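The values are calculated or read from the model by the stated rules, or taken from the named source; none is laboratory data. Small disclaimer: the values here were computed from a predicted structure and weren't measured. Every residue, glycine among them, receives a Cβ derived from its backbone with ideal geometry; neighbour counts consider all protein chains shown. Note: accessible area is taken over every heavy atom of the protein model, side chains too, but ligands, DNA and RNA are not part of it. Shrake-Rupley method; radii C 1.70, N 1.55, O 1.52, S 1.80 Å.
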Amino acid sequence: MDLGLHALGIGAGADRAVIDAVATGAERAGFATLWSGEHVVMVDRSTSRYPYSDDGQIAIPSTADWIDPLIGLSFAAAATSSIRIATGVLLLPEHNPVVVAKQAATLDRLSAGRLSLGVGIGWSREEFDALGVSFERRGARTKEYVAAMRALWRDDIATFEGEFVAFDSVRVNPKPADRSIPIVVGGNSDAALRRVAAWGDGWYGFNLAGVAEAAARIAFLGAQCAENGRDRGELRVTVALRDPQIDDAAALADLGVDELVIVEGPPEDAELAAGWVSAVAARWASALR
């Protein structure tokens with residue numbers, strides 16, 4: 001099982017020097033992936049329920065710096081040579097999919113094929129309102145956007161006709177390194193896991209309560225894959241636990257988890273970041289195989 005690190009993009013993790021130090025330190029320490037999430041806007045008083053906490057509130061203050069993940073990860077990619085980079089997650093229905101396809105392909109090409117595009121449908125109605133995008137049917141919009149982006153990555157001259165996006169005989173270059181980018185679907189709900197089984201390349205289960213919840217969600221995903229005629233083993237399963245313990249690693253590996261992501265904030269002082277990364281890696285190294 002691989003070890004990932006979700007530490008970039010927010011607060012201290014939005015600082016250029018810290019990004020460089022964490023990225024290079026994580027690569028040197030043997031982390032498999034650097035993850036970075038997204039919110040375009042935050043609001044001081046939200047009426048939308050955050051789905052990854054018991055109280056429905058996001059712990060990150062609305063005043064925190066939260067940089068664009070594709071731009072932030074481009075700096076991480078430039079500072080490294082082998083560690084994978086991943087959005088965890090990009091809120092795809094908030095964006096123009098043709099532009100995202102171009103941006104993601106550019107980053108994938110410049111990083112020599114190291115990008116995984118984690119996508120989610122979003123949970124904040126206030127954020128969608130600020131962007132002028134309908135909050136309703138965002139799941140259907142996301143599915144269609146993914147199909148459109150895959151066409152743009154695959155075809156030299158791409159045509160797509162859908163409810164939310166359409167284009168005819170267009171060229172979008174560069175192409176990704178392998179003419180495709182893995183699409184990792186975020187979300188822990190039944191609906192999210194149905195999306196994974198129907199059209200995803202992997203699943204990012206974020207802030208799960210523990211191994212028991214991970215096991216239940218993976219079992220549900222397996223059943224959905226069977227209904228869709230897919231082999232669950234073809235999907236890359238990545239999880240982040242709310243309060244991970246060293247002993248959890250073996251149990252997660254036995255469940256077929258491919259990557260355990262450690263979610264922690266780096267120190268504000270870039271000179272301390274490399275040591276911090278090494279300490280996190282050392283804490284978990286004995287638990288991974």
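Some values worked out for this structure:
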{"read-out": "Positive minus negative residues near ALA177 (Lys, Arg vs Asp, Glu; Cβ under 9 Å)", "value": "+2"}
{"read-out": "Cβ charges +1 (Lys, Arg) and -1 (Asp, Glu), total dipole of the chain, debye", "value": "720 debye"}
{"read-out": "Among ALA59, ALA273, ALA78, residue whose mean-square fluctuation peaks in a GNM of the chain (springs only between Cα atoms under 10 Å)", "value": "ALA59"}
{"read-out": "Listed residues VAL41, VAL257, VAL196, most fluctuating in the chain (Gaussian network, C-alpha, under 10 Å)", "value": "VAL41"}
{"read-out": "Under 15 Å, Cβ to Cβ, from THR106 - net charge with Lys/Arg +1 and Asp/Glu -1", "value": "+3"}
{"read-out": "Surface/4 estimate of mean projected area, convex hull on alpha-carbon atoms of region 148-289, nm²", "value": "11.6 nm²"}
{"read-out": "Probe 1.4 Å, accessible area per residue of the chain, Å²", "value": "44 Å²"}
{"read-out": "Longest segment of the chain lacking GluC sites (Glu not before Pro) that sit in a DSSP loop with at most 10 other Cβ atoms within 10 Å", "value": "1-135"}
{"read-out": "Region 163-217, dipole about Cα centre (Lys/Arg Cβ +1, Asp/Glu Cβ -1), debye to the nearest 20", "value": "140 debye"}
{"read-out": "Simple Cβ-charge dipole of region 39-98, Lys/Arg +1 and Asp/Glu -1, about Cα centre, in debye nearest 20", "value": "160 debye"}
{"read-out": "Kyte-Doolittle mean at least 0.5 and Cα axial length at least 15 Å: DSSP H helices in the chain", "value": "97-110, 211-227, 270-285"}
{"read-out": "The chain - percent of accessible surface contributed by carbon and sulfur, probe 1.4 Å", "value": "50 percent"}
{"read-out": "Within the chain, helix-based [θ] at 222 nm, where runs of 4 or more DSSP H residues each add -39,500 (n - 2.57), nearest 500", "value": "-12000 deg cm²/dmol"}
{"read-out": "Residue-level accessible surface for ARG154, protein heavy atoms, 1.4 Å, Å²", "value": "130 Å²"}
{"read-out": "Mean-position separation - Cα centroids, region 25-80 and region 114-137, in angstrom", "value": "14 Å"}
{"read-out": "Centre separation in Å (Cα based) which lies between region 140-187 and region 245-272", "value": "32 Å"}
